1. Just the residues that are hydroxyl-bearing (Ser, Thr, Tyr) and at pLDDT 95 or above, please, taken from the stretch 170-179.
2. Would you confirm whether any residue within the stretch 243-253 is modelled with pLDDT of 95 or more and under 24 Å from residue 181 (Cβ atoms)?
3. Within the stretch 39-58, can you find the residues that are at pLDDT 85 or above and open to solvent by 100 Å² or more (accessible area, probe 1.4 Å)?
4. List pairs: first in the stretch 201-228 and closer than 30 Å to residue 161 by Cβ and touching a residue at least 12 places away in the same chain (Cβ under 8 Å), second assigned to a loop (DSSP other than H, G, I, E, B) and open to solvent by 80 Å² or more (accessible area, probe 1.4 Å), Cβ under 9 Å, 6+ apart or cross-chain?
5. Among what's in the stretch 180-236 and is among the polar types (S, T, N, Q), open to solvent by less than 50 Å² (accessible area, probe 1.4 Å) and modelled with pLDDT of 90 or more, pick the residue that is farthest from residue 257 (Cα to Cα).
6. How many residues are surrounded by fewer than 18 Cβ atoms within 10 Å (Cβ to Cβ) and more than 13 Å from residue 203 (Cα to Cα) when one looks only at the stretch 245-262?
7. Within the stretch 209-256, take every residue that is under 56 Å from the mean Cα position of the chain (by Cα) and polar (S, T, N, Q) and give me the one that is farthest from residue 188 (Cα to Cα).
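The values are calculated or read from the model by the stated rules, or taken from the named source; none is laboratory data. As the structure is a computational prediction, the values presented were derived from the model and not from experiment. Reconstructed Cβ throughout: ideal geometry from the backbone, glycine too, with neighbour counts over all protein chains shown. In case anyone asks, the SASA skips ligands and DNA or RNA and just uses the protein heavy atoms, side chains included. Shrake-Rupley method; radii C 1.70, N 1.55, O 1.52, S 1.80 Å.
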Amino acid sequence: MSENLDSPVEEVSPEIYRRRRIVALLVLVFILLLIIGLISLLAGRGKNTESASTAASASTSAAAFSDFSERPSESASASESAKSDESSASESAKADDSSASDEASKKAEEESDQESAKPSDEASEDAEATPSAEPSEAPAVAAACTAADLQVSITSDSPTYAAGQNPALAVTYTNTSGNPCIVTGGANNVDVNITSGPAQVYNYAQCYANPVADAEVAAGATNTTPLTWNRSLNVLGCNTTATIQPGHYWATASVNGVASQPIRIIVTG
């Protein structure tokens, strides 16, 4: 028994003691962290529940008062009234300016209308004074006269001629068509031919025709060319002095190649 009591007690080394304290401390820290985590978890759930209820109540109250507008503050109402006064003042000023500009524009328009009315009145007076020109029809292109256009005749101032009397003849041609035609060469193409039986006696164009311009004969117009036969026998030449003997002669006129009916000329002396 004494031996057991007297046996030396095994002492714990400081290193082991230190390790034990560290382990105990770590366990304590772990327990504390666990407790803190549980508390924060419970607190978070409570906050979520409160926020959900708060949001629900807020939405309910907002829905209940959604039809009501927020009451404006005194400063806001004052600023709005000032703005409205400024806008009304600016609008009235704009209205005055617009009315003034409208009046000025109306006066300018009236003056311009009066000025524009003067030239138009003058133009209308000129138009009344000056008759409007009627549109002229394009003249028809005239062709040379043919037998389809002309009617030619020859007359004498007497059926018989005594000694010393020269027959006075007249060639008349009328454009019986509805269009003008041209007598080429004018008087050059108006000819008188005189025969005695089959014998040629006299030809006017042979010795007396002069070059002239073409002559236009209007539709329905009648022209007359007077000629005098000096009784010469120019078939012998234009310078001959031979004259005809008493007898019966036949005179035929032609215009542009269109011949007339012959007439009889009686020379008695």
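1. If the condition is that a residue be hydroxyl-bearing (Ser, Thr, Tyr) and at pLDDT 95 or above, then 172, 173, 174, 176 are the ones that fit.
2. Scanning the stretch 243-253 turns up at least one residue that is modelled with pLDDT of 95 or more and under 24 Å from residue 181 (Cβ atoms).
3. Those that are at pLDDT 85 or above and open to solvent by 100 Å² or more (accessible area, probe 1.4 Å): 39, 42.
4. Every condition considered, the pairs that remain are 207/239.
5. Among those that are among the polar types (S, T, N, Q), open to solvent by less than 50 Å² (accessible area, probe 1.4 Å) and modelled with pLDDT of 90 or more, it is 232.
6. Qualifying residue count for the region: 8.
7. Ranking the qualifying residues of the stretch 209-256, first place goes to 222.
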